[in-house]
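Novice: What follows is a structure written as C-alpha cells; I'll ask about it next.
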Amino acid sequence: MSLKIRKGVPLIDQHDRNGMWGGKFGGNYIPETLKKPIDDLEKLFSKLRKDKKFIEERDYYFKNYVGSPTPFIRLDNLTDYLGGAQVWAKVVSENPGTAHKIYSCIVHCLIAKRSGKRYVCTDTGAGMQGKNLAMVAKKFGLKCKIFMGIRDIERQQKNVIVMKKYGAEVVPVTSGSQTLVDAVSECMRYWVANCDSVHMVIGSTVGPCIFVKISGYSTSQISRELKVQLFEEFGKIPSKLKLLNCVGGGSSAYGFWSEFIDYDKNQIELIGVEAGGSKKSKLHAAPLSNNSKLGILHGAKAYCIQDSDGQIGETESLSSGLDYPSVSPLHCFLKDTGRARYTSATDEEALNAYKLVSEMENISPSLEPSHAFATAISLAPKLSKDTVICVDSCGHSLKDSEIIKSKLGFYTE
Ligand SMILES: Cc1ncc(COP(=O)(O)O)c(C=O)c1O
C-alpha cells in the first residue's frame, strides 16, 4: 500500500483490514485472549458512531461539562515581543480537567455505560489522564482504577491527590522505568485478566487500532472548534497558518490537526514537537524527530526508541506526559507521507518558554505544551506578520508547580 493520505476520510479511518495505516503502522499485536473483547469494542464503537443519541450525548457533555468551545486567543504581548508572526493559542486547558484528556474520557465512559461495564481502568503519566478519568467516572457512576509509575506519582503529586479525591484507586507501578510506558503495560495486563467486566481506556492515540481510533475520534473536537474560531476571527482559514502541538503519544496533536490534514501543507503546516530531554543528557523521548526504527509496543507497530538489540530504549523528559518511547501510528503515517513535520525541544527550552509565556500572557501552559511554545518562540521572529502560528495549550501548569519552582526558582500560575 502506498503511503498516501485519502482526502475526505478522517485519518483514524484510513487503516486497512489489519488495522494498519499505510500497511506499515498500527495493527493489533495482541494476545489471543484479547481478540474477542477487541472485536466487540470495534463493533460497538462503529455502531455508536452512527447512533444519533450517542452523538447527542457526547455533544451534550462536551458543551455542558467540558465547556466547549475552549478559548482561542491572540497572544498580543508575546507577538509584539517576538516581532514576527502572530502567535495565538487554543487554550484547551481551560476545562474542568485542565487537559485535552477529558474528551476521550467522556467518550470512553459513554461507551463503557453502553457496554454494561461498571469498571474502567487507565494508564497515566502526567496524571492528567488519571485525573480526567477519575472525574468523569465519578460523574457517570463508574468505578475507576489508575495505573501510574511511582516516578510519576512523585513528580505529579497534585494530580494524584485529585484522582484519590474522586474515589479512584491509584495503583503504583514499580516495574521498568516506573513511568508511563510501564503504566500502560501494567494497565493492559490488568485488562487482559479482567476484560469481561472492565472497560480499558488508553490515555493516547496508541495501543491496538481501536484505541487509536477512539482517542483520535474524541480529541478531534479540538480542531472542529478551532476551524469555526478561525473563520470567526479571520473570516477564512488564514493563507499562512502553522499549527504547533506537543507530541507524546500524539492524541492532542491529532485532535488539533484532524480537520486540517486535507489542506495543502504550504497553507497549513502541521508541526509536532517532541520531548528532547535535557541538554546535558543523550536520552530523549522523541522517536520521530530522531528517526527511530519501527518496533512493536503496546499492541501496535510504530517508530520506537530502541537499544542496539531492538529492546525498548530508555527515555528521559522533565515532562511526564511526553516521556514515552513510542508514538501513535497516526503520527508515523503523517511523518512518512510528509504531511506533518516533527522536531523536538529540550527541557531547558520548554522551561524558558513556560517562563516567557506565563510572564507575558494570562495563560499558564504545563511542561508538555511548553515544548510547543518553545518551537513557536524560535520560529515566530523569522516569519512574516501575516503568518498565524497557533499553539495548542493543552495542559495547565499547576501539576508542574513544584518542578518549575525547583528549576526556575519561582512559579507563576
Ligand atoms: C497536558 C498534556 N499534554 C500532552 C500530553 C501528551 O500526550 P498526547 O501526545 O497523547 O497528547 C499529556 C499526557 O499526559 C498531557 O498531560
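Novice: Go through (1) part of a helix (DSSP H, G or I); (2) touching a Lys or Arg at 6+ places or on another chain (Cβ under 6 Å) and name the single condition Ser223 misses.
Specialist: Condition not satisfied by Ser223: (2).
Novice: Residues that are polar (S, T, N, Q) and exposed (fewer than 14 other Cβ atoms within 10 Å of the Cβ), at least 1 per element: which helices (runs of 4 or more DSSP H) completely within region 1-120 meet that? Walk me through it before giving the result.
Specialist: Details: elements: 35-48, 52-61, 76-82, 101-114.
Those helices (runs of 4 or more DSSP H) span 35-48.
Novice: Kindly provide the set of residues from region 340-367 that are over 18 Å from Gly276 (Cβ atoms) and polar (S, T, N, Q), ordered by number.
Specialist: Residues satisfying the conditions are Ser358, Asn362, Ser364.
Novice: Just for region 363-413: of the residues that are surrounded by fewer than 24 Cβ atoms within 10 Å (Cβ to Cβ) and among the acidic types (Asp, Glu), which one is farthest from Phe234 (Cα to Cα)?
Specialist: Only one residue tops the list, namely Glu402.
Novice: Can you confirm whether Ile389 is more than 13 Å from the ligand (Cβ to nearest atom), part of a strand (DSSP E or B), out of contact with any His (no Cβ under 6 Å at 6 or more places or on another chain) and not charged (D, E, K, R)? Working first, answer last.
Specialist: Details: more than 13 Å from the ligand (Cβ to nearest atom): yes; part of a strand (DSSP E or B): yes; out of contact with any His (no Cβ under 6 Å at 6 or more places or on another chain): yes; not charged (D, E, K, R): yes.
Taking the combined requirement at face value, the residue satisfies it.
Novice: If only one of Gly207, Gly203 is at positive phi, crowded, with 23+ Cβ neighbours inside 10 Å and not in a helix (DSSP H, G or I), which one is it? Spell out the reasoning first.
Specialist: On the way: Gly203 fails: at positive phi.
Only one candidate qualifies: Gly207.
Novice: Could you please find all residues in region 236-251 being out of contact with any Gly (no Cβ under 9 Å at 6 or more places or on another chain) and within 16 Å of the ligand (Cβ to nearest atom)? Break it down stepwise before answering.
Specialist: To start, the set of residues in region 236-251 that are out of contact with any Gly (no Cβ under 9 Å at 6 or more places or on another chain) comprises 236-243.
Across region 236-251, the qualifying residue is only Leu243.
Read the figures in this text as sums done on the coordinates, not as results from a lab. Because the structure is predicted, anything quoted here is derived from the model rather than measured. Glycine also receives a Cβ, built like all others from the backbone with ideal geometry; neighbour counts cover every protein chain displayed.
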